[in-house]
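Working notes, beginning with the structure itself.
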C-alpha cells in the first residue's frame, strides 16, 4: 500500500513481443523476445492523485528521446509526452489536460512514472509507457488502472403517513411492520 493508491501486483502473465528489427543507433540492441511488464493499479475516485509506475534501465537514445504514455482506446491516444526539454502536451487528449505530470529529470533517472491527478472512473483503462527515438518505439510497461467509485451505503429513507412506515427502494413491510426501521404498528 502506498498512501492513497495501491498496486495489486503484476498480472499473472507477461505479454511477449517479438522484435525483428535490427539495431538503430544502439536503441534496440538485440533482436528476440521482449517482455512487457503488466501491472494493475487501483485507486479510489476522488483521491488527490495516483502514480502509474514505469522504470527503465536500458539505453536512452541521444537523438530526440521521447517518453510516451498512451491509451489506445482514446482519440487522440496521447495521455502524456515527455522530451528532453520537458513535457510536450500539444497532442494530449483533452480529458487529461492539467492532470498529468512526470519528473523533470525522467530521462536522466529512467523513472518514467506518470502522476495522474484527480482520478475519475472514466480514467479506468489500459495505459502504455513507451520510449522512442523518433524512428523506433519500445513498449516498456502496460498499466491497468482501476478507479473505484466512492463507496455509498444505502440508508433507508422513511416516509411516514397515516398508519404506515416503509423504507424506500421497493422493500415493503409485511403487515405494517418495518423490520429495517425498527418500527411496528
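Quick note: the coordinates plus some simple rules give every number you see, no bench work behind them. Remember, it's a predicted structure, so these values are computed and weren't measured experimentally. Quick reminder, even Gly has a Cβ in these numbers, built from the backbone with ideal geometry, and neighbours come from all protein chains shown.
Below are the figures for this structure:
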{"quantity": "Residue 101-residue 135 pseudo-label distance in nm [points 7 Å out on the Cα-to-Cβ vector]", "calculated": "3.6"}
{"quantity": "Residue order, fewest to most beta carbons within 10 Å, for 59, 112", "calculated": "59, 112"}
{"quantity": "Least to most buried among 147, 40 (fewest other Cβ within 10 Å first)", "calculated": "40, 147"}
{"quantity": "Nitroxide proxy distance, nm - points 7 Å out along Cα→Cβ at residue 77 and residue 144", "calculated": "1.9"}
{"quantity": "Fewest-first ranking of 63, 88, using other Cβ atoms within 10 Å as the exposure measure", "calculated": "63, 88"}
{"quantity": "Distance in nm between pseudo-label sites at residue 57 and residue 115 (7 Å out along the Cβ direction from Cα)", "calculated": "2.5"}
